[in-house]
Each structure stands twice: as structure tokens, then as C-alpha cells.
Amino acid sequence: MYELEPMKSTALARKLSSPPVFNEGILKRMTLDKDETVLEMVILSEKNPELKKDTHVNLCLKNLYSFNVESEKVANGLFVIDSLDIRNEGTNLHLRLENTRGETSVFRFESIELKD
């Protein structure tokens, strides 16, 4: 599992007063670029009682090596996120998103930044 220490210094962690834990959200949009890939997500307040309203979060993945995306039809988004997992595997990080149908999307990248 990815260590929480780097997450504690993010703007979102300061806003929540702790590292973020997401129970369910929607992947709204994905922007691919040579140096940075941005996953725009909405964390649903009804599934996350510590949030007063739905919260928009951008996961900025630096230096993306590879990815695969399994999508499902969702109003205003790519898919509903059932689980999110970040692991340090060897020389890079792996982000694994699982949707509500059990399909998995995986991103391999160098580093991550979390913004709200």
C-alpha cells in the first residue's frame, strides 16, 4: 500500500484534517498528457459522512508509463468507483480503480499529487 505520509501534506488532507479515505465516488473525466494525467473524481458525501457535500478531487499522476480503463455507462462520468488502491510496486506506483461491475482500471506512473 502507498504510504500515507505524502498524502498528509496535500490540500485535501488539510481540508479534511486527515488523510482522505474514499468510500465511493465517480470518475468524471480523465485528461492524458505527456507529463501529467489528471483523473477528475467526485467523492459522494452520502457515502462519506465526514464530507458535508460532494467533493471534487483531482488525482495528478506524473509520468504515466501505461494504463488500461474499463468503463461503464454512468450519467455525467466514466464509471462509479467502488474501490481505489495505490501501491508502490518496484520502481513505480500502481493505481487500481474498480468499478461497481467489478471491472478494473490500472495506471502505472512515477508519482502522484492529490488536489481538490
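The values are calculated or read from the model by the stated rules, or taken from the named source; none is laboratory data. Owing to the predicted nature of the structure, the values given are computational and were not obtained by experimental measurement. Counting neighbours? That spans all protein chains shown, and the Cβs are built from the backbone with ideal geometry, glycine included. Protein only, heavy atoms only, side chains kept; ligands, DNA and RNA dropped before computing areas. Shrake-Rupley method; radii C 1.70, N 1.55, O 1.52, S 1.80 Å.
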Requested in this report: Provide the solvent-accessible area of residue 100, counting protein heavy atoms only and rolling a 1.4 Å probe, rounded to the nearest 10 Å².
Outcome: 80 Å²
Report summary line: Between residue 25 and residues 5 or more places away or on another chain, the pairs with built amide H atoms under 5 Å apart involve 44, 81
**Report entry** Residue-level accessible surface for residue 69, protein heavy atoms, 1.4 Å, Å²
**Finding:** 50 Å²
Query raised in the report: If you take the beta carbon distance between residue 54 and residue 103 as r and set R0 to 41 Å, what does 1/(1 + (r/R0)^6) give as a FRET efficiency, to the nearest 0.05?
Result: 0.95
**Report entry** For residue 33, solvent-accessible area (1.4 Å; no DNA, RNA or ligand), Å²
**Finding:** 90 Å²
Query - Cα-based reach from residue 34 at 13 Å (exclusive), listing aspartates and glutamates while leaving out same-chain residues under 8 positions away - result: 110
